[in-house]
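We did not get these values from a lab; they are worked out from the coordinates using the rules stated. Fair warning: this is a prediction, and the values are worked out from it, not measured in the lab. Cβ sites come from the backbone with ideal geometry, for glycine too, and all protein chains shown count toward neighbours.
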Amino acid sequence: MKILDWYIIKKFLGTYFFTIVLILAIAIVLDYNAKMEKFNDHEAPVWEICKYYLNYIPYFANLFSPLFVFVACIFFTSKIAGDSEIIAMLASGVSFMRLLRPYLISAAFLGTLTFLLNSYVIPVTSIDRIEFLNTYYKDKKIKSSLNNQFMVEPGVVVFMYRFETKTNIGTRFALERYDSKKLVSRLTADKAEYKGDYHWELTRWNIRDINPDGETLRSGTKMDTVIAIGPEDIIFQKNDFEKMTTPQLGAYIEKQRSRGTGNIQEFEIEYHKRFAAIATSFILTLIAVCLSSKKIRGGMGINLGIGLVLAFLYILFQTVSSTFAVSGDMPVIIAVWLPNLVFILIAIYLYKYKAPR
């Protein structure tokens with residue numbers, strides 16, 4: 001590490017964190033003004049509001065981290081290019097590739113920081129943040145679902161017509177067991193109530209066992225049984241993936257896949273986005289350096305304008321491709337990584353034809 005490396009790294013990281021603090025201060029004020037009336041209506045305690053915004057800071061900062069990386073890199077690189085510092089560096093024999101080294105080190109640090117926040121810090125803070133919003137702003141919890149069907153284990157399928165989270169009761173319950181795709185047993189009940197720890201109480205139940213010698217029927221009023229499902233496996237809350245660490249999210253996705261659950265695209269998108277964000281830091285940093293390292297007549301404004309357009313195009317591209325993944329029109333991994341693949345081509349073009357030599 002040379003003096004040049006430390007100089008650029010300090011400039012990069014200093015501008016990045018300064019930008020985040022500035023934008024966060026504005027975002028918190030705007031968010032509070034927008035929600036203040038609802039907070040007052042629901043009599044939110046001052047301490048709870050303060051706690052909410054403490055949890056809001058890492059969430060918002062990480063949400064737009066790629067944009068902050070991009071803007072910070074363009075801002076300070078345009079500044080030192082305008083002061084002819086980059087011209088002096090290149091004239092002294094430093095190659096543009098060598099000049100990129102401290103930028104990529106900074107991008108690696110910020111990408112790793114983003115991943116760690118996404119994977120382990122923000123999921124913990126999101127539990128209180130989302131609960132606060134549901135309590136004191138607007139309750140977005142899904143309280144019931146219809147036509148629930150999933151595989152508990154190989155050969156065992158559960159169906160519930162309706163499940164209510166408030167009472168933890170499902171109606172028109174059915175559990176079917178198969179052997180080599182042949183139905184061997186069917187348990188039905190008018191009501192299934194979840195008691196905790198995978199313990200269910202069935203009301204007015206019937207069991208039909210099918211065997212080569214014929215069928216046997218059994219029935220009763222109450223039955224206690226253990227079924228390896230809980231309310232969290234039946235109803236997916238919109239923000240559940242935000243409250244899971246990356247290992248928890250990966251395990252949850254595998255668990256739901258094994259049960260034949262089809263509506264987990266948003267969980268898969270979040271999982272892959274956490275890894276894609278590392279590559280995004282490198283790609284946007286490379287684009288920003290190539291765009292802003294030349295001294296131009298228009299100054300920083302032109303570089304910043306072009307950079308912001310590219311940044312918002314990236315965010316738009318990411319949003320559109322994620323929408324296709326949710327609708328099932330595109331595999332999730334392709335939808336998440338496609339913006340990075342397109343923008344890395346842009347980065348290569350800018351490096352090859354626009355970067356100073």
Of the peptides 15-25, 220-230, how do they stack up when ordered by the mean number of other Cβ atoms within 10 Å, highest first? 15-25, 220-230
About its Cα centre, the chain carries a charge dipole, from +1 on Lys and Arg Cβ atoms and -1 on Asp and Glu Cβ atoms, whose size in debye to the nearest 20 is 1320 debye
Simple spin-label model, 7 Å along Cα-to-Cβ: D31 to S327 in nm? 3.0 nm
For every helix of n ≥ 4 consecutive DSSP H residues, a contribution of -39,500 (n - 2.57) applies; sum these over the chain, divide by its total residues, and give [θ] at 222 nm rounded to the nearest 500 deg cm²/dmol. -20500 deg cm²/dmol
Placing +1 on the Cβ of each Lys and Arg and -1 on the Cβ of each Asp and Glu in region 144-234, which of T225, V152, G214 has its Cα farthest towards the positive end of the resulting dipole? G214
Quick one: what do you get for region 144-234 if you divide its Cα Rg by 2.2 N^0.38 Å? 1.07
Among (1) 5, 19, 23, 20, 14, 10, 6, 3, 1, 0; (2) 5, 21, 26, 22, 14, 7, 3, 1, 0; (3) 5, 26, 34, 23, 9, 2, 0, the value of P(r) over Cα pairs in 10 Å bins from 0, in percent computed for this structure carries the label (1)
The helix 46-63 Cα axis meets the longest alpha-carbon principal axis of the chain at an angle in degrees, between 0 and 90 and rounded to 10, of 70 degrees
Can you tell me which lysines have their Cα less than 16 Å from the Cα of K354? Leave out same-chain residues fewer than eight positions away. K294, K295
Hey, can you rank 245-251, 201-207, 284-290 by average C-beta count inside 10 Å, highest first? 284-290, 201-207, 245-251
